[in-house]
Every structure is written in structure tokens, then in C-alpha cells.
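Each reported figure results from applying straightforward, stated rules to the coordinates on display, with no laboratory input. All values derive from a computational prediction rather than experimental measurement. Methodologically, a virtual Cβ is constructed for each residue, glycine included, from the backbone with ideal geometry; neighbour enumeration extends over all protein chains shown.
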Amino acid sequence: MINHEGDHALQIPTLHPVFAERIKIRSQSEYQKLWTILDSVHDPELPGVTIWDLGILQDIKSHADNAFTIVITLTYSGCPAVDAIKQDIIKALSKAGYDQVNVEISLTPAWNTNMISPEGHKQIAALNIAPPVTNDAPDCPVCGSHKTQLLSQFGSTSCKAFYRCEQCSETFDYFKQLE
Amino acid sequence: MQATSSNKTNSSNTTIGAEKTHSLLNENRYRFALALADDAVVLGHRLSEWCSNAPFLEEDIALTNVSLDYIGRARMFYQYATELEGKGHSEDQMAFFRTEREYTNLLILELPIGDFAFTMVRQFFVDVFYKLYLEQLMTSTDERIAAIAAKSIKETRYHLKRSEPWIRQLSEGTEESRSRINRALDELKSFVGELFIMPEWETQLANEGIAVDRKTLQQDWDAYVQKFLGESNIEFEDSKTLIRGGREGIHTEHLGHLLSEMQYLQRAHPGLEW
């Protein structure tokens, strides 16, 4: 597979195997209704990016009738958004009539940016945040210029770095590549 | 641990020997998870002290994000430790209600933040260590430990990407920045050796494939650090001089002050939650 991020003309739209694995888990799940309901839950720090598309939502299990365990993973181990995400999941499901829900945090597989869906990349870009690229040299999400400069290895959250565009002078967050 | 062994010894006397070994192993495993948690929370707290005090805004954000990674790491290890302990303690109780003597973190992690050069040299030392250490810990036969290591190594690699350019920049910067790097190296060199000491219980765990033999990492650590600093013409002898005691709960005078600040809120309002 040719995956040279700077070279847009050569990009072939294939799914990353890590994301393909997630699709498999979702499509083979018996609980399609719940997956769909959870598509309404967004990352609290990234409004517009769903927990499915970001790769946080990993699995849905059930051990008893109408009792569900939602398995999520954290982007970074100290991510302070975890409690808000848990609450949002429980709230969304309870609104749909599922009131026996608990949220489990799974450590394996460890989250990485390959878990982000192609849709997630678009959602991130729509927030003027540069989505992850393999060479950590993002294009400016505002004007599209390749000439960007790292200002700080951390941006507004652990998962982002802070850049400036040398073309339009805009500063922007870059969603760091993590393999 | 006591509970599990007594439950089972009732059912069959022949398994007593095996149970004792198992119970000891479990206790070692608990000490191990707790020690790694203490290491992470103490460094995490130190780094958080830079909040609003860093040389400039971006650095402020970066240091506190690294801090957050360590606090997250501490939470994962504390959670596991409480499960191994089996007494129903919470992670908060582990972090906020244990005294200085009960803390088993390594001494290098509790030293005050000093100036920016000191903080970055310590971070560089620790990042290089964790890079070597976690890569091995990822293959631990204890799946939970392996999973935490797999999560943490990603963060550590990034931390190192950040501490290295700083060490380079300060070493090759002005006379002032270079002298501060040298001063930090001088102050830290005696504490580095403790990173590679193996208490007996940890050796037992290493024999079981649960822990990593730290001693085997020392040569690689020395070589890596000497080469990196050498490229900026900074001399660093080795990590052999030892000030030790952290794993036995014997600390520098600094830990008590750190804990009094870190634990104040929970001690004043036990059980307080956000």
C-alpha cells in the first residue's frame, strides 16, 4: 500500500487493518441498536467527533438480559475526559431505555491513532485541527499549506501538539500520530 | 492474600506449600504494582508543580501534560495494586493516605524540581530509563502489567522526543545554560543508580517473568546517555554512585513536604470527590 501522506495524488482509499478490526467487531455484534445510539456520544474535548470514530468505543458486551458493559479505551492514560465520557455513554443509553449499563476501561489493545475512522479524520479536520499524519508534518487545516512549524509538542490536550502555519500565520492544534 | 490462602488450605492440606508460594508471589506482585504507582505519582506531582511556573506558556502546557501522563500511569498501577491487595481500598486511599515511610518510590523522582535544567535532565534520565524498561515490561507474563507497560511506552517515547532536544539546546546554548546542565548532572548522578537496583522480591518476580531485571538495563542506559551528552561535549561518567532507600521507604527530606502538599485536600476532607 502506498501511504505517503504528503502525496495526496497517490493516496489509495484503503482501511487501516487496525480500524478494519474494529469494524469487524462492530458489524458482528448482536447489539447493533446500542452501537447506533452510541454514535450520538461525542468526545467532550472534540465536539463533533464521536467516540466510535475516535476509536475510544471498543466493544459492547452483555452478561444478562438488558444489562450491558460498554468497553472503552483511553487515548492517553491521564485523559481527564474519561469521567465525562462514561457519564455521556450512560446518559445516552438510559435515554433509550437501557438503564443497566456499566462502562469498563480496557487497556488492551492500547489506543493508537490507527483506530480513528476515515470519518473521524474528517470530523477532526472540520474542527480546524490537523488530523494525524505518519511523518508528524501536518498541513495547515485553515489554508492547506505544507509549510507549518512545531511550536510545542503538547497542545490543548495530551493528544495534540501545537503548530503554526508559515503561510497564513494561523496557529492550530495537530492531533498527534501515535502508533 | 491471607484470605485466599486460608480458604484453600481448608479444602486440602497437600496444596499448602504451593499456596504459600502463590501467596508470596501475589504479595510481591502487589509490592511491585504499588512501587511503580508510587514512582509515577511522585514524578507526576513534581512535574505538576511547573503549572503556571514554566519559562513560557507552551512549556507550561507541555510539562503539565507529561505530568498528566504520569498521573494516569499511577492510576493504572494503583488500581491494579488495590485489586491485588484485595482489601477494598480505592486508588485515592493508596495515593493520599499512605505516609512517607509507606511510599516506596525511587529517590530520584522525589527531588524538588530545581531549575528548568534540573527538571529536564531528570526527565531525560527517566525517559531513557523507562524507554528501556517498559519495552521489556511489555512482555511481562502478568497480562495487566504488560498492558499498562504497552500503554505507557507510547507516552514515554514521546516524552523522550521532547526531553532530548531540550538537553541538546541547553547544553549547546549559552554559557549559563550549559553550566546549569552540568550542575544538574552533578546533583543527579548519585541518584541514578537506584533505578537499577533489584530488591529481592523484585528479583523473584523477574524470575517468574513478571518483572524486568533492572540491572541488565544499566549498561545500555549508560551508553545511551553518555553518547547523547557526548555529542554536545558534555561528560557524564556513569550511574554507579548510589544513594538509595526509596524502595524500603527511606526517603530524602523532600518527600514529606511533597506528600503534605499532595495529600492535604484528602486528609482535610477524606473521601472528597470532584
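Starting with the highest mean, order B:225-234, B:177-186 by the number of other Cβ atoms within 10 Å, averaged over the residues of each peptide.
On the way: B:225-234: 15.0, B:177-186: 18.1.
By packing density, highest mean first, the sequence is B:177-186, B:225-234.
The string of couplings for region A:38-51 from the Karplus curve (6.51, -1.76, 1.60, θ = phi - 60°) is 6, 5, 8, 8, 9, 5, x, 8, 10, x, x, 10, 7, 5 Hz, one whole number per residue in order, with x for Gly and Pro. For chain B, a Kirkwood hydrodynamic radius built from all Cα pairs, placed in the Stokes-Einstein relation at 4 °C and 1.567 mPa s, yields a translational diffusion coefficient of 66 µm²/s.
The alpha-carbon positions of region A:79-167 define a convex hull whose volume is 128 Å³ per residue.
Ignoring lysines fewer than eight residues from A:Lys91 along the same chain, the ones with Cα atoms less than 19 angstrom from its Cα are A:Lys33, A:Lys61.
Cross-link reach is defined here as a Cα-Cα straight distance under 12 Å, omitting same-chain residues fewer than 8 places apart; for B:Lys154 the aspartates and glutamates meeting it are A:Glu179, B:Asp69, B:Asp127, B:Glu135.
Couplings for region B:35-42, taken from phi via the Karplus curve 6.51 cos²θ - 1.76 cosθ + 1.60 with θ = phi - 60°, read 5, 5, 5, 4, 3, 5, 6, 5 Hz in order; Gly and Pro are left as x.
Determine the distance separating the Cα centre of region B:46-90 from the Cα centre of region B:113-148; give it in Å without decimals. Cα centroid to Cα centroid, the span is 13 Å. Cα centroids of region A:122-174 and region B:189-203: 41 Å apart. Rg and Dmax of the protein assembly as shown, both derived from C-alpha coordinates alone, stand at 23.6, 77 Å.
Give the peptides A:25-38, B:68-81 in descending order of average Cβ contacts within 10 Å, highest first.
On the way: A:25-38: 13.9, B:68-81: 24.0.
Ranked by mean Cβ neighbours within 10 Å, highest first: B:68-81, A:25-38.
As a rough guide to protection, the peptides B:199-207, B:57-65 ranked by mean Cβ packing within 10 Å, highest first, stand as B:57-65, B:199-207.
Under 5 Å between amide hydrogens, built in the peptide plane, is the criterion, and for A:Ile60 it picks out A:Val71 among residues at least 5 positions away or on other chains. Pairs from the table (B:Lys215/B:Lys240; A:Lys176/B:Lys151; A:Lys86/A:Lys160; A:Lys122/A:Lys176) lying more than 18 angstrom apart at Cα are A:Lys86/A:Lys160. Taking amide H as placed 1.01 Å from N in the peptide plane, the amide H of B:Arg244 sits under 5 Å from none that are at least 5 places away or on another chain.
Its Cα gyration tensor gives region B:154-233 an equivalent ellipsoid, and the semi-axes of that ellipsoid, as √(5λ) in whole Å with the largest first, are 31, 14, 10. Residues whose amide H falls under 5 Å from that of A:Val101, counting only those 5 or more places apart or on a different chain, are A:Phe68, with hydrogens built in the peptide plane.
Here the 3J(HN,Hα) profile of region B:258-267, calculated from phi with Karplus coefficients 6.51, -1.76 and 1.60 at θ = phi - 60°, is 4, 5, 4, 6, 5, 9, 3, 5, 5, 6 Hz, Gly and Pro shown as x. For chain A, taking a cut-off of 4.7 Å between Cβ atoms, the unpaired cysteines are A:Cys79, A:Cys159.
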